[in-house]
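Here, each number is a calculation from the coordinates, and none is a lab measurement. These numbers come from a predicted model, not from an experiment. A quick note on method: Cβ atoms are made from the backbone with ideal geometry, for glycine too, and the neighbour counts reach across all protein chains shown.
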Amino acid sequence: MLAFLLLPLLALLLRASPRRLLERLDDPVVLDALRLSLFTSLAATGIVVLLGTPLAWLLATRRFPAKRAVETLIDLPMVLPPTVAGLALLFAFGRMGLAGRTLDAFGLSLPFTTLGVIAAQVFMAAPFFVAPARAGFAAVDPRLLEVAATLRASEGYAFRRVALPLARPALVAGAAMCAARALGEFGATITFAGNLPGVTQTMPLGVYVALQSDLDAAIALALLLLLASFGLLLALRAAPGLGHLPRARD
Amino acid sequence: MLAIDVTRRLGAFVLEAALDVPERSTVAVAGESGAGKTTLLRLLAGLDRPDRGSIVLDGATWFDAASGVACPPEARSIGWVPQDHALFPHLSVLENVAFGLRAAGRPAAEARRRAAATLERLGIADLAGRGPGSLSGGQQQRAALARALVLEPRLLLLDEPLAALDVQTRRSVRGELRRLLGTLPCATLLVTHDAVDALALGNRIAVLEAGRLTQYGERDELLARPRSAYVAEFLGVNLFRGAVARRESGVAWLDTGAGEIAVPDDGLPGERFALVDAREVTLARDPSGTSARNAFHGAIVELIPEPPDGQRLRVALATRPRLVAEITRAAAHGLGLAPGVEVWASFKATGVRTFR
């Protein structure tokens, strides 16, 4: 199994030559794609963490009608073919879409913009954060929160000082998964946001385009993507205040 | 004074409890698991709501079903120490104790100072920097007590304060806890399934049986006048109830419904309670050599160390009526007692206390 997983990565590495890779780094198209990919996937992860954390908390601690339906809905993008998701996003936020007209009235347009890339990534990557975050919050002993309440803590205070630190490893793992998924997003992005160099052409799109004309460029981009994914995962795990494991017990 | 009068339905189970907890007193709520002890604590802490009734502390209404008042836990002046202490695993002992002060909006420096002073008072100042995971059971309990007491609550709630401790620590902690509770300016309500803990810690004892408060009063009152067989057995005495079946030469034979026992005849008709201290019941392997009128044959059901770490054993017997004897370990060893062994249990009619 491991061999099967490693072989393609090895093959990719063997095809690449460092000199050509360095040459390609000067290529403005490659640079744009790299910058855009890092910016959009980090922005998407930020949005997912910001909005997904309270959602995961509510799902883990509250009972409400149609909770199962909400949970299924959130998990749906995990199994939805990305191109279908992109199409759905178009019908929702496209110029003629359900919410698109309202957005248009405010001068906002999502399709074929960088914002659209982020929207597609948020849509596809959110479940990769919400699911583990919810599990992390659910694993916090409810009695610790009850104790906090008897110690004059409001729910917000107990959330910040007890639930959040205890669920942090799960949140960090979820954020890393979410970022990786956002970085690799292809189908929904190309369907919803298009493939405009410098605006919506992220690295996965760049690899695909380059593959049809310039194999070396494709390899270079692919390797960069690989490095960026690794870098992102490492950075997230090491980020101060995020990546540290709970305090060692003396 | 804390005035409690509550009803709580949980499925088929109903908890009904009405009792007053006087200022500075310690009430031990005793009962078996499932009797509703923890439910009562949760109602007082505000973690659960009664279906009916009220909870009032010194005129401040914490809960009143009639007027719809229901203070959340954070608005009640309580200190809650759950059974396994539930210290915050990601915080040091000092941070655990300072938690409530910080939550109440006190400045960090003041919180640290007061938390440190409370640790000092409980004799665990040296543990301030440690994590809860590295503490022993007794240390965890003191840390949890410090965390609850630092807010100077009006009511301290202890859920099975000694149950999570091993036998060795239990005895010493029981004594320390007893002394500490004696110095507190607040009322304390603790629940326990252990008679020794209830008698050692509570100056008043409330007995919960299947959701009902069957007896509540001063410890000595309970010992002298247990009102149910459960209370009697819980406190280590045999309690019988019955009418006089026949009388002969100064002795009345009481029909307990499960065999007769001889008690001193007071000449009065009607039902009465009869109380036999478990230590008054002697055991023998054969029926000879006893002049007692009360001699019953039966198998040993169970041998229970009493107290849990002590040198005495409570022997539960399948006699008619059922009896509990309390003897020393040495005596039990000498007689070769074990579950299933058949013995003769006897006690003198003159040793039976009766009351109506």
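Worth a mention:
- Pair A:Arg62, A:Ala135: separation of 7 Å Cα→Cβ label points (nm): 2.4
- Crossing angle, helix A:164-183 versus chain A [Cα axis fit, 0-90 degrees, rounded to tens]: 20
- Cα gyration tensor shape for the protein assembly as shown, rounded if a/c is under 1.5, else prolate or oblate: prolate
- Positive-end residue, the protein assembly as shown charge dipole about Cα centroid, Cβ charges, pick of A:Val122, B:Gly340, B:Thr256: A:Val122
- Converting phi to 3J(HN,Hα) with the Karplus coefficients 6.51, -1.76 and 1.60 and the offset θ = phi - 60°, region B:61-73 yields 7, 8, 8, 8, 4, 5, 9, x, 7, 8, 5, x, x Hz in sequence order, with x at every glycine or proline.
- Total charge dipole magnitude, region A:27-238, about the Cα centre, Cβ charges on Lys, Arg, Asp, Glu only, Debye to nearest 20: 980
- Taking every alpha-carbon pair under 8 Å whose residues sit at least 6 apart, region B:2-224 reaches a relative contact order of 30 percent.
- Signed unit charges on C-beta, dipole axis of region B:2-224, positive-most listed residue B:Ala103, B:Ala28, B:Ala60: B:Ala103
- Selected from A:Thr83, A:Thr191, A:Thr114 as most flexible by GNM, with chain A as the system and alpha-carbon contacts under 10 Å: A:Thr83
- For region B:58-131 versus region A:9-33, the inter-centroid distance based on Cα atoms is 58 Å.
- Max mean-square fluctuation residue, GNM over chain B, Cα-Cα springs under 10 Å, options B:Ser67, B:Ser33, B:Ser228: B:Ser67
- Interchain or long-range residues, amide H under 5 Å from A:Ala193's placed H: A:Phe112
- Choice from A:Arg101, A:Arg181, A:Arg15 showing the highest fluctuation, given a GNM over chain A with Cα pairs closer than 10 Å: A:Arg15
- Crossing angle, helix B:93-103 versus chain B [Cα axis fit, 0-90 degrees, rounded to tens]: 70
- For region B:103-251, the dipole from Cβ point charges (+1 on Lys and Arg, -1 on Asp and Glu) about the Cα centre works out to 240 debye, to the nearest 20.
- Computed from Cα atoms, the angle from the helix B:108-121 axis to the main principal axis of chain B rounds to 30 degrees.
- Shape category assigned to region B:236-351 from the gyration tensor of Cα positions, a/c cut at 1.5: prolate
- Contact order for region A:27-238, expressed relative to its length and based on alpha carbon pairs under 8 Å spaced 6+ residues apart, stands at 31 percent.
- Think of region A:27-238 as a dipole: +1 on every Lys or Arg Cβ, -1 on every Asp or Glu Cβ, centred on the Cα centre; then among A:Pro111, A:Phe64, A:Ser37, A:Phe64 lies furthest on the positive end.
- Three-way shape label, chain A, alpha-carbon gyration tensor, a/c 1.5: oblate
- About its Cα centre, the protein assembly as shown has a charge dipole of approximately 520 debye under the convention of +1 per Lys or Arg Cβ and -1 per Asp or Glu Cβ, with nothing else charged.
- Between amide H atoms placed 1.01 Å from N, distances below 5 Å from B:Gln83 occur with B:Asp159, all of them 5 or more places distant or on a separate chain.
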